[in-house]
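Encoded as structure tokens, the structure appears first; notes follow it.
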Amino acid sequence: MYSIIPKLFPYYVLAVFLFGAHDVSSKMRVSNATGSKLDTTFVINRIELQGNRHTKSYIILRELGFVPGDTVARQDLEKAKKRIENLNLFNRVTFYLDQQTLLINLTERWYVFPIPILFWNEHDFKKLSYGMGVFHYNFRGRAELL
């Protein structure tokens, strides 16, 4: 019965792609106190996370590549946003930078995926095996796979 799980993995990947992976959208809104659009570096004194109900904050913060108090270029913000998206834990990642506060708004994905298991032994309906398997991504909120 356990030998069927690796066979179903491609279908699971396809289901994740169809029902979740294409929905990733990202936005970054920057507003400066000076109103100048020529500023390409920002001093970030505070980082706030919203929407991470299950994922631990340090998992997200370690992907940023900077800490509060750093001077960050616009390209670094875009790279940090891309790294958070590449965790594949969120449907939507939005950065808002207002003066010296970076607000990261997140929409978490569904992490538990049930997988039906049906295995026909020796081509005999009397030897039909069935059951349910579960893939759990982001186990314990630490981007782990169970």
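The values are calculated or read from the model by the stated rules, or taken from the named source; none is laboratory data. If you're wondering where the values come from, they're calculated on a predicted model, not measured in any experiment. Cβ: placed from backbone, ideal geometry, glycine included. Neighbour counts: every protein chain shown.
The figures follow:
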read-out: T71 among the hydroxyl-bearing types (S, T, Y) and at pLDDT below 90; value: no
read-out: Residue tally, condition surrounded by fewer than 17 Cβ atoms within 10 Å (Cβ to Cβ) and under 30 Å from I60 (Cβ atoms), over the stretch 127-136; value: 3
read-out: Candidate set: the stretch 60-76, residues that are in contact (Cβ under 8 Å) with a residue 12 or more places away in the chain and within 17 Å of the chain's Cα centre (by Cα); chosen: the one surrounded by the fewest Cβ atoms within 10 Å (Cβ to Cβ); value: G65
read-out: The lone exception for F95 - which of (1) assigned to a loop (DSSP other than H, G, I, E, B); (2) in the same structural domain as R53 (by TED's automatic domain parsing) it fails; value: (1)
